[in-house]
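Everything on this sheet refers to the single structure shown next.
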Amino acid sequence: MLNLSHHLHVDTRGKGLYEITAPISQWVNKQEVRSGLLTVFIQHTSASLTIQENADPDVVHDLNQFFNRLAPEDERLYRHTVEGPDDMPAHIRAALTLTQLSIPVVHGRMALGTWQGVYVFEHRSRAHRRSVVLHLIGES
Amino acid sequence: MLNLSHHLHVDTRGKGLYEITAPISQWVNKQEVRSGLLTVFIQHTSASLTIQENADPDVVHDLNQFFNRLAPEDERLYRHTVEGPDDMPAHIRAALTLTQLSIPVVHGRMALGTWQGVYVFEHRSRAHRRSVVLHLIGES
Amino acid sequence: MLNLSHHLHVDTRGKGLYEITAPISQWVNKQEVRSGLLTVFIQHTSASLTIQENADPDVVHDLNQFFNRLAPEDERLYRHTVEGPDDMPAHIRAALTLTQLSIPVVHGRMALGTWQGVYVFEHRSRAHRRSVVLHLIGES
């Protein structure tokens, strides 16, 4: 049984979705695990993870806009305002999406559906370097 | 250590929740894993997973209605409209719920609470055949 | 390969977030797993899990208030009202957050980010004893 982990750094440039399917696949493919479980974990509370359609870029645009409406940058709504108007909405957006995702590995590949891509969902306005931990357990 | 996977197909008939606890349990029970981790992964971005109360059917009805109000079928809100008025709301509903669920297996059974059921949450209006991957790692 | 599970009981006193990072860490640290995957699973549908910032208490206050606005206690909105005005909103809040969380264990510790804390998110008004299952798989 193999049991491996890896750090991935993702540079973001403001609110929105950043696809990370390719670097994750590349790491998984190198590990020679034929069957197992891959876990993706983001070490932040103002950025998160999601799986979304990676065919039409309008999908990720609309998704980001939906969250802007749902958790608006309106300081009258929040007590936690010291880190800027986008910070508390960022925590809310993170709570509504995912901090962690696990994907079965079957026949040596992540068992993603045809249109599924893995994304870092950035919820802050400024650029950030985000830290993602990958963990893989399984057998060759 | 055992490391197994399985495909489940779930036929849906429009928006709403479809319980899949029984077929998952049946597969887990056949594997002779006494202790481990079961992962349920749905290979779609317009249907998702959730754990909800399986006692009163009004709960899943109200849950579906809540999401209809939260992400309405109003094309003025979205750019991505080419796949129909229910498609972008479906992606939003999927992002707000789960693509993957992991459940510990203890004493040979999924450690679900008394009222917990595992559901496929269909977000499209038409009937679909949905694909769910099960993965189980553990020992007998 | 080690494969372990444990039950944690969490006493809540009404809606809000209750940090459980310390008891989880204590259990993980005792298991002598250097590298692996920890899973946290809550056995309820009216309480859930989330990872949030544990530095400023206003963050968890604002998060709870956001969910009060999003899923209000208004019986005209729901069919499922027999368990009280806070019950259906509780199921909705649980569906929007997490029933399960998996965190990689690296160098013998959970790979949480600097500000990340693990919380039980109570969605009912009265006090409850909540049941959380921990599962750890990995190697020493």
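Beyond 19 Å, what share of the Cα-Cα pairs of chain C remains, rounded to the nearest whole percent?
Above the 19 Å cut-off, chain C has 52 percent of its Cα pairs.
If each DSSP helix of 4+ residues adds -39,500 (n - 2.57) and the sum is divided by the residues in the protein assembly as shown, what number results at 222 nm, nearest 500 deg cm²/dmol? It would help to have the intermediate numbers written out before the result.
On the way: 9 runs with 102 residues, N = 420.
Mean residue ellipticity, 222 nm, calculated: -7500 deg cm²/dmol.
Shielding by partners for A:122-134, please: the mean number of other protein chain Cβ atoms within 10 Å of each residue's Cβ. All intermediate terms of the calculation are to be shown ahead of the outcome.
Values: counts 0, 0, 0, 0, 0, 0, 0, 0, 1, 3, 0, 6, 1.
The shielding value for this peptide is 1.
Return the value, in Å² to the nearest 100, of accessible area buried between chains B and C (probe 1.4 Å, both sides summed).
Roughly 2600 Å² of accessible surface disappears when B and C pair.
Just to confirm the number: angle between the C-alpha axis of helix B:87-96 and the first principal axis of chain B, 0 to 90 degrees, nearest 10?
Tilt relative to chain B: about 40 degrees.
How far apart, in nm, are two points set 7 Å out from the Cα along the Cα-to-Cβ line at A:T21 and at A:A127?
Taking the simple label geometry, A:T21 and A:A127 are separated by 2.6 nm.
What does the structure give for A:44-51 when I average, per residue, the other chain Cβ atoms found within 10 Å of the residue Cβ?
On the way: counts 6, 12, 4, 1, 2, 1, 6, 11.
If you average over the peptide's residues, the count of other-chain Cβ atoms is 5.
Name the lysines eligible as straight-distance cross-link partners of B:K30: C-alpha to C-alpha under 26 Å, and not fewer than 8 places from it in the same chain.
Qualifying lysines at Cα under 26 Å: none.
Principal axis lengths of the range A:77-140 from Cα atoms, whole Å, largest first?
50, 22, 19
Determine ³J(HN,Hα), in whole Hz, for all residues of the range A:62-72 in sequence, where each value follows from phi through the Karplus function 6.51 cos²θ - 1.76 cosθ + 1.60 and θ = phi - 60°; x replaces Gly and Pro.
Each residue of the range A:62-72 in turn: 5, 5, 4, 5, 4, 5, 4, 6, 5, 10, x Hz.
How much accessible area per residue does the range C:17-140 have, in Å², with a 1.4 Å probe? Each step should come with its number before you reach the end.
Values: 4410 Å² over 124 residues.
Heavy-atom accessible area per residue stands at 36 Å².
Between copies, how far apart are the A:R109 label points? List them in nm, one decimal, shortest first, with each point 7 Å from Cα toward Cβ, please?
The answer, with the shortest distance listed first, is 3.8, 3.8 nm.
Any idea what angle helix B:21-30 forms with the longest principal axis of chain B, computed on alpha-carbon atoms, 0 to 90 degrees, nearest 10?
30 degrees
What net charge do the residues around B:G117 carry, taking every other residue with its C-beta under 12 Å from that of B:G117, with Lys and Arg at +1 and Asp and Glu at -1?
Summing Lys and Arg as +1 and Asp and Glu as -1 gives -3.
Which distances in nm, rounded to one decimal and ordered from shortest, link the label point of B:R79 to the equivalent label points in the other identical copies, with labels set 7 Å from Cα toward Cβ?
Here the equivalent label points are 3.8, 3.8 nm apart from this one.
For A:P57, which inter-copy label distances result when the label point lies 7 Å beyond Cα on the Cα-to-Cβ vector, reported in nm to one decimal and in ascending order?
4.6, 4.6
Percent of Cα-Cα pairs more than 36 Å apart in the protein assembly as shown, please.
Working: 15031 of 87990 pairs.
For the protein assembly as shown, the fraction of Cα-Cα distances above 36 Å is 17 percent.
How large a share of the accessible area of the protein assembly as shown, in percent, is made up of carbon and sulfur atoms when the probe is 1.4 Å and the other protein chains stay in place? Walk me through the intermediate numbers first.
Working: 7400 of 15930 Å².
Here carbon and sulfur together make up 46 percent of the probe-accessible area.
The values are calculated or read from the model by the stated rules, or taken from the named source; none is laboratory data. Here the structure is a predicted model, which is why all the values come from computation and not from measurement. Here the Cβ is made from the backbone with ideal geometry for all residues, glycine too, and neighbour counts use every protein chain on show. Surface areas here come from the heavy atoms of the whole protein model, side chains and all, with no ligands, DNA or RNA. Shrake-Rupley method; radii C 1.70, N 1.55, O 1.52, S 1.80 Å.
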